[in-house]
Amino acid sequence: MVAVFALIALELAAANGAPFPIAAPPATPQGKPNSMAEMDLQGDGVVDYRVYYDERGALSREELDFNHDGKMDTFYYYKEGIAQRVEIDSHYNSRIDIWVYLLEGKYIKRYERDTTGSGKPDLVRDFGRM
Ligand SMILES: [Ca+2]
Ligand SMILES: [Ca+2]
């Protein structure tokens, strides 16, 4: 997954010239069915990572507070343990403005950005099938 997110970082850095919140989440692929776990990864006493498991115990969602302001800003969605989509609040204003769609949990299929703050994507890049 690290390589994928590094790729996303490069693409987006190229697109807007700004630093981009990238962190490879410390996911464990299996957990207790229908469970949630949270952690303070960076150690300031405030939870900055949450992971959810589905009814079969497969990874279903991860949330990350990349800038440590106490609000989750990076969300990874999984289906049957495979990453499908990443949603990012890159301005840390509690609004998602980047959606990244993955193929086979590894390849960037498409990404969308909301550059105007409308809450809807206005910049779309489709990489098609790889
Ligand atoms: Ca923390
Ligand atoms: Ca945050």
Q: Within the range 26-126, list the GluC sites (Glu not before Pro) lying in a DSSP loop whose Cβ has at most 14 other Cβ atoms in a 10 Å radius.
A: GLU55, GLU80, GLU104
Q: Show which aspartates and glutamates lie in cross-link reach of LYS71 when reach means a straight Cα distance below 17 angstrom and same-chain residues fewer than eight apart are skipped.
A: GLU38, ASP40, ASP44, ASP48, GLU62, GLU63, GLU87, ASP89, ASP97
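All of the numbers you see were taken from the coordinates with simple rules; none came from a lab. Please read all numbers here as calculations on a predicted model, not as lab measurements. Cβ coordinates were reconstructed from backbone atoms using ideal geometry, including for glycine residues, and neighbour counts include every protein chain displayed.
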